[in-house]
Amino acid sequence: VGIAEGGRGFILTGARPGAFTVLLRDGYDVTDLAFLDSGEALILERRFSLFGGFSCRLRRIASHAVKPGASLDG
């Protein structure tokens, strides 16, 4: 799985390769995506503002949700 700028992701290997989208919220941008042993995905997001400084968060995505054409939101 790869993540591109703008919340667009790509499944590069496996039985169902294709593109998906991560819904961007609250000014955060996707930095990375990793899978847990359970099959769930963790998305690392970061943002920066002059007055708010740096901020990051994790979003957890259910394993069945990561598929071609999906719009992911944790």
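The residue of region 23-50 that is modelled with the lowest pLDDT, among those that are closer than 22 Å to G69 by Cβ and part of a loop (DSSP other than H, G, I, E, B), is G39.
The set of residues from region 40-49 being farther than 14 Å from G7 by Cα and out of contact with any Lys or Arg (no Cβ under 8 Å at 6 or more places or on another chain) comprises F48, S49.
Select, from F10, F54, F20, the only residue that is of a type in the set (F, W, Y) and either touching a residue at least 40 places away in the same chain (Cβ under 8 Å) or outside any strand (DSSP E or B) (or both).
Working: F10 fails: either touching a residue at least 40 places away in the same chain (Cβ under 8 Å) or outside any strand (DSSP E or B) (or both); F54 fails: either touching a residue at least 40 places away in the same chain (Cβ under 8 Å) or outside any strand (DSSP E or B) (or both).
Of F10, F54, F20, the one residue that is of a type in the set (F, W, Y) and either touching a residue at least 40 places away in the same chain (Cβ under 8 Å) or outside any strand (DSSP E or B) (or both) is F20.
Taking region 33-48 as the range and being over 9 Å from the mean Cα position of the chain (by Cα) and either in contact (Cβ under 8 Å) with a residue 24 or more places away in the chain or under 23 Å from R8 (Cβ atoms) (or both) as the test, the residues that pass are F35, L36, S38, G39, E40, R46, R47, F48.
Conditions tested, residue by residue: (1) surrounded by 12 or more Cβ atoms within 10 Å (Cβ to Cβ); (2) among the aromatic types (F, W, Y); (3) touching a Lys or Arg at 6+ places or on another chain (Cβ under 9 Å).
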| position | (1), (2), (3) |
| --- | --- |
| L24 | yes, no, no |
| T31 | yes, no, yes |
| S38 | no, no, no |
| F51 | no, yes, no |
| F54 | no, yes, yes |
| A62 | yes, no, no |
| A65 | yes, no, no |
| A70 | yes, no, no |
| D73 | yes, no, yes |
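The values are calculated or read from the model by the stated rules, or taken from the named source; none is laboratory data. Here the structure is a predicted model, which is why all the values come from computation and not from measurement. Every residue, glycine among them, receives a Cβ derived from its backbone with ideal geometry; neighbour counts consider all protein chains shown.
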